[in-house]
1. Only one residue in 396, 424 is surrounded by 24 or more Cβ atoms within 10 Å (Cβ to Cβ), in contact with a helix residue (DSSP H, G or I) (Cβ under 6 Å, 6 or more places away or on another chain) and under 19 Å from residue 47 (Cβ atoms), so which one is that?
2. Mind listing just one residue for me: the one in region 252-264 that is touching a Leu at 6+ places or on another chain (Cβ under 9 Å) and closer than 21 Å to residue 445 by Cα and, of those, modelled with the lowest pLDDT?
3. Out of region 349-370, which residues are assigned to a helix (DSSP H, G or I) and surrounded by 24 or more Cβ atoms within 10 Å (Cβ to Cβ)?
4. Tell me the residue from 56, 73 that is under 19 Å from the mean Cα position of the chain (by Cα), free of Cβ contacts under 8 Å to residues at least 24 places away in the same chain, outside the structural domain of residue 242 (by TED's automatic domain parsing) and under 30 Å from residue 237 (Cα atoms), please.
5. How many residues does region 335-375 hold that are without any contact (Cβ under 8 Å) to a residue 40 or more places away in the chain and aliphatic (A, V, I, L, M)?
6. Among 144, 165, which is the only one that is aliphatic (A, V, I, L, M) and within 17 Å of residue 49 (Cβ to Cβ)?
7. Among the residues of region 313-334, is any assigned by TED's automatic domain parsing to the domain that holds residue 431, touching a residue at least 24 places away in the same chain (Cβ under 8 Å) and under 15 Å from the mean Cα position of the chain (by Cα)?
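The values are calculated or read from the model by the stated rules, or taken from the named source; none is laboratory data. Model, not experiment: these values are computed from the prediction. Virtual Cβ from ideal backbone geometry, glycine too; neighbours counted across all protein chains shown.
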Amino acid sequence: MANRDLTAASAHPPHQRPPGIPEPAGEPAFQGNDRLLFGIVLGVLTFWLFAQTTLNIAPDMGRELGLPATTMNIAVAITALFSGIFIVFMGGIADRIGRFRILQLGFCLSIAGSLLVALAPPGPLSAACLILGRALQGLSAACIMPSSLALLKTYWTGPARQRAISIWSIGSWGGSGLCALFGGLVAQNFGWRAIFFVSVAAAVAGLLMIRGTPENRAQGKRDAKIDGFGIVAFMIAMIALQVVATQGARLGWSSTPVLALAATALIVGVAFVRHEARTADPFIDFALFRNKTYTGATISNFMLNGVAGTLIVTMQLVQLGGGLSAQQAGMLTIGFAVTIIGFIRVGEKLLQRFGARKPMLWGCLITGTSVLLLAMTHTTLADYKTLVFIGFALQGIGLAFYATPSTDAALSSLPENKAGSGAGIYKMASSLGGAFGIAISAAIFTAIRVNTDGGPLLDGLITFQGDQTQIPVREAATIALMFNLCMVVIAAISIMLTIPRAKERQSS
């Protein structure tokens, strides 16, 4: 057993080190426990389960608050946008001033944001309260995600860490799978405000459960400077890209605003990369990507999260082309929630037996199969509903196989002094992958569905059964879903090129 320096904690047993006393250099004396782990999971759920319910309940919220759909769209999108933009920044701050401190800040921001949303009054203040509350929820996620993953890397080791990552993943992946069903159920029976009051209660309970956790920070990072230019440049580039992806079809791809935004994203993006390569304390440390395993895990994470685009395309297809209600369409995804929660621990066991590479590739294979089933829009509506149910259930299994091995591969590859910022980049890949996957899939679907002047695009390749009046919608869905399949293929290629086989990893 390695020697442990317990001098700084001689007055306290390792499990009782008071907050504020940092861990000594070397192996930390504190070992993670289930109370801390489940407290962290409650924080993760405040975003993935509670905050994400707005994807389903936004129309109810807008009607009660008297807000137009445009305002509600901003309120829904701003949480993921703030999370994706600031998650790397907060991960770097966690490395410098303390990961537990930033974790606590995330819980407090979640409480404040959820209260603002829950108490938003109808009238002139409703938009301000709602948007500010949603922004705070996004900042909360930006604090909780990287700091909690850095603590998992530090305070759990070996199989215990893999179990902790699995349970953490159940909170994130499982929460996202249940958010639509949970939101609709609670809103229908108790009103949408109850969701955010429950979120406050979950955050308070989580704060109580993580009490007593010793502070942990990266060695030699406290004096690092904040990369203000990098943060601002990254925000401008990401927002410009989001607007191009989401509004390009409506404004016209060759219109002046879209071309100007695309040029802005390109110019600012190049300036950002050049600046980050030269600065001593970069916002995004590109040196981390010299590690092939971390690079492969992050790229594949971005791509597989982009497969969230299958949800918006399929839900619109069965409603616009099949006449299903939103509730009926949502019920077709229940298999995803069940399987992703049920198989997360299976992914952990596969990791322990085969290493990260094989279960990550198996996850891609199963996820790709699910996308192919969803893309079979040429069938009758009755058959297609069965394919959708099976497809989303398989997608849950595939992502469950992938989640823990990928996260473990990424965290295990990070140097200790960059665990927070590295975890932030990895989770930023999740947020931005999902955001861009949804935006691009929806843009492809809308553009092809609306533009029917040239006749059927797949004529001669596919024979559509059933209702022939909805062929443009069905063709649009097929093509948009094949874009999602391309992302799965890219994810698999990145894994094969970068993630070592189990024997290679053990010998390295």
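1. Values: 396 fails: under 19 Å from residue 47 (Cβ atoms).
That would be 424, the only listed residue that is surrounded by 24 or more Cβ atoms within 10 Å (Cβ to Cβ), in contact with a helix residue (DSSP H, G or I) (Cβ under 6 Å, 6 or more places away or on another chain) and under 19 Å from residue 47 (Cβ atoms).
2. 253
3. Applying the first criterion (assigned to a helix (DSSP H, G or I)) to region 349-370 yields 349-354, 357-370.
If the condition is that a residue be assigned to a helix (DSSP H, G or I) and surrounded by 24 or more Cβ atoms within 10 Å (Cβ to Cβ), then 351, 359, 360, 363, 364, 367, 370 are the ones that fit.
4. 73
5. 2
6. The match here is 144.
7. no
Let's see how each residue does on (1) assigned to a helix (DSSP H, G or I); (2) touching a Pro at 6+ places or on another chain (Cβ under 6 Å); (3) among the acidic types (Asp, Glu); (4) outside the structural domain of residue 435 (by TED's automatic domain parsing):
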| position | (1), (2), (3), (4) |
| --- | --- |
| 86 | yes, no, no, yes |
| 91 | yes, yes, no, yes |
| 111 | yes, no, no, yes |
| 114 | yes, no, no, yes |
| 121 | no, no, no, yes |
